[in-house]
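Structure record follows, encoded as structure tokens.
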Amino acid sequence: MTPASLEVLVHPDAEVLAAATAARLLTRLVDLQSHRSPVHVVLTGGTVGIAALRAVAASPVRDAVDWTGVHLWWGDERFLPDGDPDRNETQAREALVDALGDALPAGNVHAIPALSDDVPDGETSARRYAAELRAHAADSGLAPRFDVLLLGMGPDGHVASLFPGRSSLFEASSMVVAEHDSPKPPSERVSLTFPLIRSAREVWVVAAGAEKAPAVARALAGDDVRTTPAAGARGTERTLWLLDLAAAPTVPDGGPDGGIAPAEHTDDDGLRPRTASSAARAWAAVDAYVAPLVDESPAARDVRNAAADAGLPDIAVSAAQGRLLEILARSVGARRVLEIGTLGGYSTWWLAQALPPQGRLVTLELSGAHADVARASLAAAGLQERVELVVGAALTSLDDLVASGAEPFDLVFVDADKEQLAPYVDRAIALSRPGTLIVVDNVVRDGAVVDPEHPDTRVQGVRAFYARVGADDRVDGTVVQTVGEKGYDGFALLRVR
Ligand SMILES: O=C1O[C@H](COP(=O)(O)O)[C@@H](O)[C@H](O)[C@H]1O
């Protein structure tokens, strides 16, 4: 799906930041309650997060909120016994919940289960929290649709309890996970995962202090979530970064040397609306500007929204890129398309509707859960007759297609795990005819592909693809570097000889 673009607001210091975050939250709650109830808010622990709750408690505006219609959740918890002062819940109770007293029904406060005889480990706590989330989901979904999800961020770029380099960053099947041996004490934690975080309408990341500035800069520049988890924090409607001046990064100038410009001065009112990477903001703004030309249809939007609602990772192509795929498919007169990596069916939709009525699209997806979402969306779009969705390991499915002597494809779109890119493209060529167009997504990776020592296995997978395809005399190829709301990346275009 297409995430909301980033907004960055900078306040002079941590105290003003906490007060402004509280004011913003109260205003949002009052606004939301004029047309929706209940409202679901996810709280964060951490210095600014708790200070903001204290500021909410101290504000007279808190009485303008109907707290009976507000549900409070937590993005993460330090897995400790009930009442432990280090628990985010304990701190939030002291800062806000206790002050609200009877105004906030106890049943609206959904703390992550604490360590106890009954909840002996983080896994049990995570399971129970997932059940609690499910119990409050609308329309038999998996969790409530969060209106505002607050996140603090550590100097290492962690958000909630999703730490750099951990497998929990890529947890796709659980909404809540246990984290053991956390680099920040206490070692045992429980955290919401990215699919659930990214299903929130609005995600607000709050951070203060110079020690956080490097991680803020990396996150805003769209760094890899493996090194900067906060880069993966996105809301479906809005992603807001609330910073103090010390945490605000100096600004990449977007120039050819990627230099760093000095931070902007604050405005008279203490707010500084533009401090994110000016280049990244310009890319996203241009995507928004050209949206009328791209003209994403309601049907495409439905596919995108269904994937977001199901909590699928936010890694599908943008609308502008989807339109590009459609134009390429039509330009080569594609009748048979192969897609490696279906996800929620968004790129599948763009390609399938570009085919003539008798056209055929075969799409391969590893995850049964993702395939279910895609299948439902494609059926709702009336494309089920044209699309064959094959669930399983793509390499196996590709080998099966080769072995079955499948008719060659006219266009192949490769957008799956990058570690296997070289063998995927090898099989794609085997399933082609002279003139087949093979489009490979994410082959620039923020420029990381030039680094032979890069620790990310996906970058190394793309490098292996270049090594293999560069020596392959079956294809002519080029790479189109792309920028936009999806950041800096690129497509490889290969034409089979
Ligand atoms: O441990 C945690 O830390 C982060 C950030 O905390 P901060 O004190 O550096 O602001 C917080 O977001 C998270 O909820 C918490 O468990």
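The values are calculated or read from the model by the stated rules, or taken from the named source; none is laboratory data. Just so it is clear, the structure is predicted and the values come from calculations on it, not from any experiment. These area figures cover heavy atoms from the full protein model, side chains too; ligands, DNA and RNA do not enter into them. Shrake-Rupley method; radii C 1.70, N 1.55, O 1.52, S 1.80 Å.
Taking all protein chains together and rolling a 1.4 Å probe, Thr21 ends up with roughly 0 Å² accessible. Relative contact order of the chain: 13 percent, from C-alpha pairs under 8 Å at least 6 residues apart in sequence. Accessible surface calculations at 1.4 Å, restricted to protein heavy atoms, place region 109-241 at 35 Å² per residue.
Considering only protein heavy atoms, with the full assembly of protein chains and a 1.4 angstrom probe, order Asp244, Asp224 by accessible area, largest first. Could the numbers behind the result be given before it?
Values: Asp244 10, Asp224 35 Å².
The residues order as Asp224, Asp244, largest area first.
Between Tyr488 and Asp446, the built amide H atoms are under 5 Å apart, and every one of these is 5 or more places off in sequence or on another chain.
Rounded to the nearest 500, the helix-only mean residue ellipticity at 222 nm of the chain stands at -9500 deg cm²/dmol, with each DSSP H run of n ≥ 4 adding -39,500 (n - 2.57). Computed from backbone phi with θ = phi - 60° and the Karplus coefficients 6.51, -1.76 and 1.60, the 3J(HN,Hα) list for region 164-178 is x, x, 8, 5, 4, 4, 10, 5, 10, 9, 10, 7, 9, 10, 8 Hz; x is used for glycine and proline.
For the chain, carbon and sulfur atoms together expose 54% of the accessible surface, with a 1.4 angstrom probe and every protein chain in place. Helix 278-289 axis versus longest C-alpha principal axis of the chain: approximately 70°, rounded to the nearest ten. Give, to the nearest whole percent, the P(r) tail of the chain beyond 35 angstrom, counting all Cα pairs. In whole percent, the share of Cα-Cα pairs in the chain beyond 35 Å is 36.
Region 364-497 has equivalent-ellipsoid semi-axes of 25, 19, 15 Å, by the square roots of 5 times the alpha carbon gyration tensor eigenvalues, sorted largest first.
Scanning residues 5 or more positions from Phe409 or on other chains, those with amide H under 5 Å from its amide H are Ser432, Arg433, with H placed 1.01 Å from N in the peptide plane.
Converting phi to 3J(HN,Hα) with the Karplus coefficients 6.51, -1.76 and 1.60 and the offset θ = phi - 60°, region 353-366 yields 6, 7, 8, x, x, 8, x, 9, 10, 9, 10, 10, 9, 6 Hz in sequence order, with x at every glycine or proline.
Across region 52-157, counting alpha-carbon atoms alone, Rg and Dmax equal 14.6, 41 Å.
Take Glu171: with every protein chain present and a 1.4 Å probe, its accessible area is about 50 Å². With angles folded into 0 to 90 degrees, how steeply does helix 394-403 sit against the dominant principal axis of the chain? Use alpha carbons for both and round to 10. Once rounded, the angle reads 10 degrees.
Within the full protein context, the accessible area of Ser404 is estimated at about 80 Å² for a probe radius of 1.4 Å. For a test of the definition: using alpha carbon positions, the gyration tensor, and the 1.5 limit on a/c, classify region 1-101 as rounded, prolate or oblate. Rounded, since a/c falls under 1.5. In order along region 206-222, the phi-based Karplus estimate (6.51 cos²θ - 1.76 cosθ + 1.60, θ = phi - 60°) of 3J(HN,Hα) comes to 10, 8, 9, x, 4, 5, 9, 4, x, 5, 4, 4, 5, 4, 5, 7, x Hz; Gly and Pro are listed as x. For the chain, the longest principal axis of the alpha carbon atoms and the long axis of helix 14-33 meet at an angle near 80°.
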